[in-house]
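The values are calculated or read from the model by the stated rules, or taken from the named source; none is laboratory data. If you're wondering where the values come from, they're calculated on a predicted model, not measured in any experiment. In this analysis, Cβ positions are derived from the backbone assuming ideal geometry, glycine residues included, and neighbour counts consider all displayed protein chains. Keep in mind that these areas ignore ligands, DNA and RNA; they rest on the heavy atoms of the full protein, side chains included. Shrake-Rupley method; radii C 1.70, N 1.55, O 1.52, S 1.80 Å.
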Amino acid sequence: MAAQEQLSAIKRAKVLMVGAGGIGCELLKTLALSGFQDIHIIDMDTIEVSNLNRQFLFRQSHVGQSKAKVARDAVLRFRPNISITPYHANVKESRFNVDFFKEFDVVLNGLDNLDARRHVNRLCLAADIPLVESGTTGFLGQVTVHLKGKTECYECQPKPAPKTYPVCTITSTPSKFVHCIVWAKDLLFAKLFGDKNQENDLNVRSSDTANSSEHSEDVFECRKDEDIERYGRRIYDHVFGHNIEVALSNEETWKNRNKPRPIYSKDVLPEKQTKENGNKEKGCAADDVSAMVSLSLKNPQDIWSLVENSRVFLEALRLFFLKREKDIGNLTFDKDDQLAVEFVTAAANIRASSFGIPLHSLFEAKGIAGNIVHAVATTNAIIAGLIVIEAIKVLQKDNNNYRMTYCLEHPSRKLLLMPVEPYEPNRSCYVCSETPVSLEVNTQRSKLRDFVEKIIKAKLGMNFPLIMQGASILYEVGEDLEEDMVAIYAANLEKALSELPSPVTSGSVLTVEDLQQEFSCSINIKHREEFDEEKEPDGMLLSGWVEAPVDKDNNKPIGNDESTSNALPSGETLEGEKDDEIQETSEVVEAFTGKKRKLSEVSEVTAPDPSGPSSINQNKPKKLDIDDEADELIISDDWESLTKKKKL
């Protein structure tokens, strides 16, 4: 009878899948083979060659086509009698609103970024629809269940901040190869092929401009009648030679560091050698351009010499201007863009050579630049199976048996799958518990535009914000706004907070809503005069996780001392690092614990006491840094200890 009820629940269910990538392919197959009859899939991506090793529903002939549509067609070949509705679209589009989500019995996430995950979490809360979240990184994986009012929502605990490096380290004192990669990708590549007007520290001027007219102009501008070969050498000499010499002039910096050596193209490649570049283009189509092919470099796992890196650098730059000139000015780095990867690898290696850092192969450099942890198809399959198991429990309303499950690389307590009973909502969560957050800001200098871009969109993840102070609307986004209101709100963006029609000063309380997400948040404003430009480059500090009540008798937080992830104590920065720092990775991490806990046993989900020893059980395993379905790099200071096999 129970089996019959389960089958009936499965057949009646209308399921929404978000994401048709590594997890999504496995999940769609498992749903179809488990008897689900009505499945809807949203995915905005198209199929790429790099997907084919694990996203088994796709073939070479599908490259460039919609993932959602091809996945549907592939599954219908072996389950022709079920209904699969694909949407080749962004889940954040306005048509996928709360009413759309209310049509479904459960939502299953296989996403690859924090922003979209937060968006889906809020829509599920607003629609009161259960959400099953998931993620994999290499051999590690996780599945979590989120039900409004019963378990933690996806945002109940802040995600560990991505590994970041101060800009000064990237631009002046790199000590690791990843520093060189970030410099080559986010500074040099962006300056040459992206927006040339962006400000960064590459265009260093000579202190004696009278004697160095070349460096008193923008060296990144190709001069009139200057051929690409000469332009490439000039860029090479500027960033690897002149800029290093300028850095060396600050003797204080190098008192306790090894000095870099300037590298000039004439010392590495005599002009007669570089003239050979480009003479070996063996059938390079415009959409498949490669410096490696031009230079007959075949193995991406070879580590190129300084000479080879220099040739690749100049050849890649030449090919961009020769074959892809129409793209220049609008390019951003893409790990699937072969020419971009070649350029970044060569530039990073030349810089590494200058600073005495070991060189890396293109294969290794691509992994770092693209934030890649190579996916394991088996992990995706395991996680997809666990998602379906939890979805069936949700459909049967089997509340007592929900589990958040973590897939481990090595056994812990003789288990590779670690089940954890879900936790109650965090009462300090600004999303599902509507707890106010606080913002320290200079209300006299900071503009409303800064507040919208750096806080509302970047930190709080709102797409269509409405900002109010009391009954006064300060800013609104929407297609149905009248032209005069659009003009008023546009003018408000350029005003300091204290100069708005309803002035925002210390003590003001702003209400911010996203009508698409049906999400509202209160922000308490506190005026602050000065900010540390290096540590707080936004000129604003957002905090919002209230410290848990303390049991005076035991001097520790009330309630059970374990949770799937740690909350930030009051006053700590929400989201951690600042936008102006170069981010190495994306976010999206959960922790795990081996101890099971029932919802009824918990009086409150709490944060550790920051003033004393951690209240977390000393036997609790380390955090698992788990991200998404495939290609995100998670760097942990304790990564080795996480992946080493524990002695039992």
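Distance between the pseudo-spin-label points of E271 and R95 (7 Å out from Cα toward the beta carbon): 5.9 nm.
K150 label point, 7 Å along Cα→Cβ, cut-off 19 Å on backbone N: hits in region 386-413? It comes to 386-405, nothing else.
At an R0 of 41 angstrom, the distance between the Cβ atoms of L7 and N256 translates into a FRET efficiency of 0.05. Taking a ≥ b ≥ c as the square roots of the eigenvalues of the Cα gyration tensor of region 1-133, is the shape rounded (a/c under 1.5), prolate (a/b larger than b/c) or oblate? Here region 1-133 falls in the oblate category.
Each of the peptides 522-533, 103-114, 356-367 was scored by the mean count of other Cβ atoms within 10 Å over its residues; in descending order, highest first, they stand as 103-114, 356-367, 522-533. Carbon-plus-sulfur accessible fraction, region 437-543 (probe radius 1.4 Å, protein heavy atoms only): 49%.
Mind ordering 123-129, 49-55 by average Cβ neighbours within 10 Å, highest first?
Values: 123-129: 21.4, 49-55: 18.0.
Put in order of decreasing packing, that is 123-129, 49-55.
With all protein chains kept in place, the per residue accessible area of region 437-543 amounts to 47 square angstrom at a probe of 1.4 angstrom. Taking the charge dipole of region 437-543 about its Cα centre, with +1 at Lys and Arg Cβ atoms and -1 at Asp and Glu Cβ atoms, the residue from S520, G461, P537 reaching farthest to the positive side is P537. Note on V246 and D480: the extension gain reaches 78.9 nm, defined as 0.36 nm multiplied by sequence separation minus the Cα-Cα distance. Region 215-271 and region 83-161 have Cα centres lying 48 Å from one another. Of the cross-linked pairs K148/K535; K67/K414; K14/K150; K176/K414; K29/K397; K14/K69, those separated by over 26 Å at the C-alpha level are K148/K535; K67/K414; K176/K414.
Its convex hull of Cα atoms gives region 437-543 a direction-averaged projected area, equal to a quarter of the hull surface, of 6.4 nm². Taken as Cα centroids, region 1-43 and region 364-411 sit 16 Å apart, rounded to the nearest whole angstrom. Taking all protein chains as they are arranged and a probe of 1.4 Å, the heavy atoms of T151 leave approximately 10 Å² accessible to solvent.
So, with a 1.4 angstrom probe, what is the percent of accessible area on region 67-138 that is carbon and sulfur? List each step's numbers first, then the result.
Numbers: 1010 of 2490 Å².
Here it works out to 41 percent.
When the square roots of the Cα gyration tensor eigenvalues are ordered a ≥ b ≥ c, the ratio a/c for region 481-549 is 1.5 or more and a/b does not exceed b/c, which makes its shape oblate.
Determine the sum of side-chain charges near A74: Lys and Arg each +1, Asp and Glu each -1, restricted to other residues whose C-beta is under 14 angstrom from that of A74. Neighbour charge sum, excluding A74 itself: +4.
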